[in-house]
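**Q** Have a look at the structure that comes next, please.
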Amino acid sequence: MDDLTMLRDLGRGLEHEPPAGLARQRRRLLDEAAGGRRRRLTPWSGGRRAGWITLVAVAVVTAVLVVVPTVLLRGTTGAHTVAPLTGDRPAKKGEALTVLLLGSDRRPTSANAGDLGERSDLMVLLRLSADRKRATAVSLPRDSMVRIPQCRSADGRTVAAHQDMINQAYAIGGLTCAWKTVESTTGVRVDHAVAIRYDGLEKLVDALGGVEVALPRAVDDPKAKLKLPAGRSVLDGRTAVAYARLRFALGDGSDIARIKRNQALVQALLKKFSRIDRPADLAALVRVAATSVTADAGLDLDTMLGLALDVRRAGTRVTFVTVPWQPSRKDPNRIEWKQPDAARLFAQLAAS
Amino acid sequence: MVSLMIPLATPRLDSDLIAESRARPEAFAALFDRYAAMLYRYVSRRLGPEVAEDLVGETFLVAFRRRDRYDLTRPDARPWLFGIVSKLVSRHHRDEAARYRALTRSPLDDVAESPAERVEDGVSATAVRPLLAAALAHLSKGDRDVLLLIAWADLTYDEAAQALGIPVGTVRSRLNRARRKVREALGHTNPLRDEE
C-alpha cells in the first residue's frame, strides 16, 4: 500500500455520515434565500428527503439509471470515461447487447497519482436480448481466480499477464483492464463497461425511497454497524450498502452468499424503479446517480437513451445467475470457475 | 416514455443552477442537495461530526452570498465549494491538529467505521494509523489542504488549484512535500511499504 492509499483508509475510518440535522442547515440556506421568509419547496429542489441517504447494490437498475445521467451530465469529459477496447476481440453478433457492470469502493480518479485503493467488489455481466425483453445477469465472484491479461496501469506501467483474483484487474488497470479480463476469460464480447461507486448506489437507494428486503433471521453486526430484525425491513441507502457488503454475519460468509443478497437487492430496486412515473422523481435519480459513474466512451447519449427507453418499454425481465464455481484447488480460500459448465454458460450467453 | 424524456432533456449543470439562483434564490437549495452530504463527510473527517454540520451550513451561506461572482464557465461547482470549506476549516486548525494528535494515542475506537469491510487491510493498516495521524498533525495548513483535497475529497490537481486559488505547480509541490513527510513518518517502522 502506498501512502495515499493508507491515508484514504484513515480518512474512511474518520468519516461520519450526514445526520438528519443537516436538514436544519438546508432550512437556514432557504431562509437566507427567501430573505428571512420561509418558502414552500419547489419539486425540483426535492421536497421529499433528498437524501442522507447513502447507499447500494449494483446492476440493471444502474445500467439504466446511472449511465444515462452520467453521459448527459458529464458529457463526454475524459475524466469519467475510458476508451473502448481495441485489438483482438470476440466478434460482435446481432443486436443483443452485453454490458459489464462493476461496483467499486472508490471513484477511479486516474488523474490522481497513486490511486491504488480501488477494488471492484461486484462484477456482473449483463446480456440484453436483441428485443430487449429478456436480460441475463451473470455474477462473477470477485475472488474467482482467473488469468488477467497484460494491462496498463494508471501510472502507465505495463503489468504482465498472470493468475489472480478477478477483482485485481480493476485495481491494476481500472475499467479497461477489468473489461479486457472479462472478455478474455469468458470469450463473450462485451459491448460496454460501466463502473459504479458504492456511495452512488447508496444515493440511488435513498432517492428511490429505500428498498425492502426479507431476512431469514435478525442481523447484528457491530463491525458493519448493521442491526436488522428478522422478517421484512425497509433499508435506506446506507443500510442497504452495509447489507449488500456484509460478509460474515449472514449466510456462509462467502462472496457467494453476498452475491445472493446483492441480487435480491437489485430485484427490489428494479421493482421500485418500474413504479416511478413522475418526471421529477426520475430527474432526482438521474441527478444523484451522475456523480458516481465511469463508463466507456462508446456509451454515447443516443445509445444510452435508446437503451433506457427500450428497457422501460419492453418491461425487461431479468434472470440472475452466478457463474458455476468450485473452491480453488490451489487455494481453498479462493474459487475457480467450474469447467466445462462455466464455458457452456458463456457460450449460451453469447448465442442468446 | 414522454415522462422519461423530460428530465433527460434538461440536464442541470451546477453552473446552470447557480445561474438560475441569481434570479430565483431558492434554486440554490438544489446545490445543497447535491453536495451537502459530500462536504459533510469531508469535514467530518477533518474536524469531527460536531463541527461539521454547522460548518457545512456556513459553507452554503457563504457560497449563496457569493453566487453572483461564480464563474459560470465552470460546470462543476465542487472546487468552488471545497475552496470555501477549506477556508472555513482553517479557522479550526488548532482543533484539527488536536484531533489528529488524539488519534496518535488511541486507535479508532471513538470514530465511525464505514460499512466498508476491513478484512483486506489487515493489521498493518491499523498499526500505521497513529503514524499517519501524527504526520497530518504536523503538516502546515497549506500542505494539509492540498493533500486532503486530493486524498479525501478526490479532487484532481487542477480542481485543487482552483479550490485554493493557487497555481497547479504549487499544488504539485505542496503535495510532494506533504507526501514526503507522510512517508517519512511511516518509513521508520514500515520498511515493507511499496515504492513507486
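Read-outs: derived from the displayed coordinates by stated rules, not from any lab. Everything numeric in this text was worked out from a predicted model, so none of it was measured. Counting neighbours? That spans all protein chains shown, and the Cβs are built from the backbone with ideal geometry, glycine included.
**Q** Taking 41 Å as R0, compute the FRET efficiency from the Cβ-Cβ separation of A:Ala23 and B:Asn176 and round it to 0.05. Please list the in-between numbers first.
**A** Details: r = 41 Å, r/R0 = 0.99.
Calculated value: 0.50.
**Q** Label 7 Å along Cα→Cβ of B:Arg94; segment B:127-157 residues with amide nitrogen under 19 Å?
**A** Only B:137-142 pass the distance filter.
**Q** Longer than 28 Å from Cα to Cα, which of A:Lys180/A:Lys330; B:Lys87/B:Lys181; A:Lys227/B:Lys87; A:Lys203/A:Lys330 are they? Say none if no pair is. Kindly include the intermediate steps, with their values, before the conclusion.
**A** Details: A:Lys180/A:Lys330 24 Å; B:Lys87/B:Lys181 23 Å; A:Lys227/B:Lys87 38 Å; A:Lys203/A:Lys330 39 Å.
Beyond 28 Å: A:Lys227/B:Lys87; A:Lys203/A:Lys330.
**Q** If each of A:Asp88 and A:Leu215 carries a label point 7 Å out from its Cα toward its Cβ, how far apart are those two points in nm?
**A** 5.0 nm
**Q** Now, a different point. Separation of segment A:131-170 and segment B:126-165 by C-alpha centroid, Å?
**A** So the separation of the two Cα centres works out to 31 Å.
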